[in-house]
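The values are calculated or read from the model by the stated rules, or taken from the named source; none is laboratory data. Just so you know, these numbers come straight off a predicted model, no measurement behind them. For neighbour counting, all protein chains shown are included, and Cβ atoms are generated from backbone atoms with ideal geometry for every residue, glycine included. The area values use the complete protein model at the heavy-atom level, side chains included, leaving out ligands, DNA and RNA. Shrake-Rupley method; radii C 1.70, N 1.55, O 1.52, S 1.80 Å.
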Amino acid sequence: PRPTTCLRAFLRAYSSAQSPHALVFLEHRQGTIDSGSLSALTAAQQLGGPVTGLIVGAPDSLQGVVQQAKKLKGLTSVLHSTSAQYAEPSAEVVSLLLEKLLSDSSPFTHVVSAHTASAKSLLPRVAAVLDLPAVSDITSLEHDSAANSTTFTRPIYAGNAIATVRAPSSVRIKFFTVRTTAFPAAPSVEMEVEDKAVDPVQVDQPLTEHLQTLITKSDRPDLGVASRVVSGGRALKNAETFESTLYPLADVLGAAVGASRAAVDAGYADNSLQVGQTGKVVAPELYMAFGISGAIQHLAGMKDSKLIVAVNKDPDAPIFQVADVGLVADLFDVVPELVKKLKE
Ligand code: FAD
């Protein structure tokens, strides 16, 4: 299937033969575009050409989201598509729509998204069907319009090395996911860009069925975007001590709570709080690590934080190698005293 002539005309108005034209997959939840998608938009703008946003969702659910998208700085047009199958969009279903939008006559030269669980599944799937490569988790990019090539950097080996990867001109459409902590979120502006509805592509008998979404509810800031994070490790002993020790500090600082994998595996903290290679990657203004040894898999998720404070009983703990402020002490003495002083 190909985009309709009408859609081609709409997109052509924003494209020129020389310039790159990015399609950014904008994810949203509860009527708001995810902040990670706003960072992906900032990355897409750095290509230097027009940027079209793509939003999918259930019928009657997208009005507010499309309105929000139309005001995003850096977007030049918005495409949206509704279908009951897009209520909880799976890669299997949305990939068909993307394949249609990326047909041979498509103006798009780049497909961009945040490095989220769903996009990590969607983009490589579409790229593979189109026999194109995909670059994941990029932290910077540079587009050479004359050579029509894009060069990316991306962390590898749990952040211990940075790979530079080039997608040359022979790659018709360059797919990449963006490490959201590496790019600021695109702000909103007063002006509105044009939007256009595109027909969904239905899957007759999807092989996967969405049963349930469980969202962790918390009054605290979201770990992924919080400017301050208070994190605890195995030293916190159990779930009760984890909560009674760290939560008062998080409350007084207005911070999100994080945890090492050892703390999560031992059941002290919810899975969603895990920071690290197999958890969330965060880069807050302030990261406080209590009773965390600093294994490389943990550092991979927090070492880009602006100010790292570590409290550990062991002076040789590896966390001190990345800490800006380190205190060799018992966290059970330090944290209550810190809370008291901060309250004063
Ligand atoms: P420990 O290593 O046991 O450290 C506890 C620390 O607390 C010690 O340094 C100790 O000196 C200190 N301590 C003890 N008592 C006190 C006290 N009273 N006051 C102050 N300090 C005290 N880990 C992650 O965190 N995130 C990941 O995403 C992750 N992904 C992984 C992926 C793979 C493939 C693998 C193999 C491992 C992964 N890990 C991850 C696990 C990682 O290797 C470590 O095992 C884990 O980070 C250790 O957690 P911890 O620092 O809480 O525990």
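Report those helices (runs of 4 or more DSSP H) wholly inside region 217-326 carrying at least 1 residues which are open to solvent by less than 70 Å² (accessible area, probe 1.4 Å) and closer than 16 Å to THR181 by Cα.
Numbers: elements: 239-253, 261-265, 296-299.
Correct list: 296-299.
Quick check: is even one residue across region 67-86 in contact with a His (Cβ under 6 Å, 6 or more places away or on another chain) and either open to solvent by less than 50 Å² (accessible area, probe 1.4 Å) or at pLDDT below 95 (or both)? Working first, answer last.
Let us first name the residues in region 67-86 that are in contact with a His (Cβ under 6 Å, 6 or more places away or on another chain), namely none.
The answer is no, given that none of the residues of region 67-86 is in contact with a His (Cβ under 6 Å, 6 or more places away or on another chain) and either open to solvent by less than 50 Å² (accessible area, probe 1.4 Å) or at pLDDT below 95 (or both).
Tell me, yes or no, whether region 312-325 has at least one residue that is near the ligand (Cβ under 9 Å from one of its atoms) and at positive phi.
Within region 312-325, none of the residues are near the ligand (Cβ under 9 Å from one of its atoms) and at positive phi.
Just to check your reading of the model, which residue among VAL225, VAL257, VAL230 is more than 9 Å from the ligand (Cβ to nearest atom), of a type in the set (A, V, I, L, M) and under 30 Å from LEU75 (Cα atoms)?
Values: VAL257 fails: under 30 Å from LEU75 (Cα atoms); VAL230 fails: under 30 Å from LEU75 (Cα atoms).
None of the others qualify; the one that does is VAL225.
I need every pair where a residue in region 320-344 that is over 15 Å from SER231 (Cβ atoms) has its Cβ under 9 Å from the Cβ of a residue that is aromatic (Phe, Trp, Tyr) and open to solvent by less than 50 Å² (accessible area, probe 1.4 Å), sequence separation at least 6 or different chains.
What qualifies is VAL328/PHE320.
Hey, can you tell me all the residues within region 25-44 that are closer than 12 Å to ILE55 by Cβ, outside any strand (DSSP E or B) and open to solvent by 40 Å² or more (accessible area, probe 1.4 Å)?
GLY31, ASP34
How do the pairs read when you match residues in region 272-299 that are farther than 21 Å from LYS237 by Cβ and aliphatic (A, V, I, L, M) with residues anywhere that are within 6 Å of the ligand (Cβ to nearest atom) and in a loop (DSSP other than H, G, I, E, B), using Cβ under 8 Å and keeping only pairs 6 or more apart or on different chains?
The qualifying pairs are VAL281/GLY301; VAL282/GLY301; ILE296/GLN277; LEU299/GLY276.
Among the strands (runs of 3 or more DSSP E) lying completely within region 107-212, list those that include at least 2 residues that are within 21 Å of THR42 (Cα to Cα) and either open to solvent by less than 90 Å² (accessible area, probe 1.4 Å) or in contact with a Phe, Trp or Tyr (Cβ under 7 Å, 6 or more places away or on another chain) (or both).
On the way: elements: 110-114, 134-138, 140-144, 149-156, 161-167, 174-178, 194-197.
Where strands (runs of 3 or more DSSP E) fall fully within region 107-212 and carry at least 2 residues being within 21 Å of THR42 (Cα to Cα) and either open to solvent by less than 90 Å² (accessible area, probe 1.4 Å) or in contact with a Phe, Trp or Tyr (Cβ under 7 Å, 6 or more places away or on another chain) (or both), they are 110-114, 134-138, 140-144, 149-156, 161-167, 174-178.
Please specify each residue of region 293-311 satisfying the condition of being within 8 Å of the ligand (Cβ to nearest atom) and in contact with a helix residue (DSSP H, G or I) (Cβ under 9 Å, 6 or more places away or on another chain). Spell out how you get there, then give the answer.
Just the residues of region 293-311 that are within 8 Å of the ligand (Cβ to nearest atom), to begin with: 293-298, 300-301, 311.
Listed by number, the residues that qualify are SER293, GLY294, ALA295, ILE296, GLN297, HIS298, VAL311.
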